[in-house]
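A short worksheet on the structure shown next.
The values are calculated or read from the model by the stated rules, or taken from the named source; none is laboratory data. For clarity, every value in this text was computed on a predicted model and none was experimentally measured. Glycine also receives a Cβ, built like all others from the backbone with ideal geometry; neighbour counts cover every protein chain displayed.
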2 protein chains.
Amino acid sequence: MEKQTVLSALAALAQETRLDVFRVLVQAGPQGLAAGAIGAALDIPSATLSFHLKELKSSGLVRCERRGRWRIYSPDFSAVGQLMDFLTANCCQGVDSCDLGSKGDC
Amino acid sequence: MEKQTVLSALAALAQETRLDVFRVLVQAGPQGLAAGAIGAALDIPSATLSFHLKELKSSGLVRCERRGRWRIYSPDFSAVGQLMDFLTANCCQGVDSCDLGSKGDC
DNA sequence: TCGATATCTTTATAATATTGGAAATATGGA
DNA sequence: TCCATATTTCCAATATTATAAAGATATCGA
């Protein structure tokens with residue numbers, strides 16, 4: 001994962017409304033949710049929601065598929081994993097005895 | 001992990017200079033680095049670095065220990081793990097057959 | 001096929017927040 | 001005291017946010 005991609009994903013999630021939106025999508029699972037359903041769940045004006053969905057989409061954390069008059073958004077779970085991998089890459093100068101807390105190894 | 005803590009950690013990492021600083025610390029490992037060493041590694045003015053270290057510290061991603069005239073910064077690896085756990089919590093409405101990409105389960 | 005309605009996005013703008021870095025300030029050690 | 005190390009204060013430049021208003025696009029019924 002590129003550094004700019006990582007920065008973009010982190011920036012996308014580092015905002016309360018977007019973090020809420022992403023978590024609603026995570027809970028909904030791969031089947032996704034229409035924009036309106038997200039807005040209803042979180043009580044967000046449609047223009048505001050659309051702005052944030054665009055950010056999540058362009059960061060690669062969320063996909064969008066058009067279905068009839070709905071746009072269905074769903075999370076890209078693998079992006080979250082890649083994010084973590086980037087953050088802990090090359091840790092501890094390669095020494096394998098270092099303590100990474102809950103991660104266990106490096 | 002509280003939502004505000006998560007937001008704070010994400011915001012701390014969603015900035016190129018701070019992401020660079022954090023990664024340098026991750027690579028250095030638990031023994032940590034003095035502010036000056038970080039600044040030298042990344043060629044950052046001291047005032048700028050100090051500002052960003054303060055952000056990383058207050059987000060809980062980085063610890064600081066005073067040793068003589070130096071301040072030694074080190075990463076909190078477990079915080080990264082907790083971040084991930086938060087992002088994928090309660091995914092897919094508890095259905096265990098959902099595909100979480102590289103994470104494997106939910 | 002035409003307009004009414006539903007769903008969602010784009011544009012524009014004002015309010016707010018973040019960033020980098022010079023200068024001044026603290027703190028520890030010789 | 002004087003130097004080395006690091007932080008704090010300040011400010012202008014830049015970026016982000018929320019939302020109203022207007023603009024797309026899709027469906028449906030007459």
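Key figures for this structure:
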quantity	calculated
Conditions (1) touching a strand residue (DSSP E or B) at 6+ places or on another chain (Cβ under 7 Å); (2) within 12 Å of chain A (Cβ to nearest Cβ); (3) acidic (Asp, Glu): number failed by B:Asp20	(1)
Residue that is among the charged types (D, E, K, R) and touching a Gly at 6+ places or on another chain (Cβ under 7 Å), where the choices are B:Asp43, B:Asp76	B:Asp76
Matching residues in region B:45-69 - criterion: being in a helix (DSSP H, G or I) and within 16 Å of the chain's Cα centre (by Cα)	B:Leu49, B:Ser50, B:Phe51, B:His52, B:Leu53, B:Lys54, B:Glu55, B:Leu56, B:Lys57, B:Ser58, B:Ser59
Filtered residue count, region B:84-105, keeping only those that are at pLDDT below 50 and either within 8 Å of chain A (Cβ to nearest Cβ) or in contact with a His (Cβ under 8 Å, 6 or more places away or on another chain) (or both)	3
Test for A:Asp85: is it away from DNA strand C (no atom under 14 Å from the Cβ) and without any contact (Cβ under 8 Å) to a residue 60 or more places away in the chain	no
Close pairs (7 angstrom Cβ cut-off, 6 or more residues apart or separate chains): more than 14 Å from chain B (Cβ to nearest Cβ) in region A:41-55, near DNA strand C (Cβ under 6 Å from one of its atoms) anywhere	A:Leu49/A:Ala35; A:Ser50/A:Ala35; A:Leu53/A:Ala35
Where A:Cys64 falls short, out of the listed (1) away from chain B (no Cβ under 14 Å); (2) of a type in the set (A, V, I, L, M, F, W, C); (3) within 11 Å of DNA strand D (Cβ to nearest atom)	(3)
In region B:58-70, the residues that are under 21 Å from B:Ala9 (Cα atoms) and either surrounded by 14 or more Cβ atoms within 10 Å (Cβ to Cβ) or touching a residue at least 60 places away in the same chain (Cβ under 8 Å) (or both)	B:Ser59, B:Gly60, B:Leu61, B:Val62, B:Arg63, B:Cys64
Out of B:Ser8, B:Ser74, sole residue that is away from DNA strand C (no atom under 15 Å from the Cβ) and either outside any helix (DSSP H, G or I) or within 13 Å of chain A (Cβ to nearest Cβ) (or both)	B:Ser74
Qualifying residue in region B:6-23 (condition: more than 10 Å from DNA strand D (Cβ to nearest atom) and over 28 Å from A:Glu16 (Cα atoms))	no
Test: residue in region A:11-26 that is more than 10 Å from DNA strand C (Cβ to nearest atom), at pLDDT 95 or above and among the aromatic types (Phe, Trp, Tyr)	yes
Count of region B:27-57 residues which are under 30 Å from A:Thr17 (Cβ atoms) and either at pLDDT below 95 or surrounded by 15 or more Cβ atoms within 10 Å (Cβ to Cβ) (or both)	5
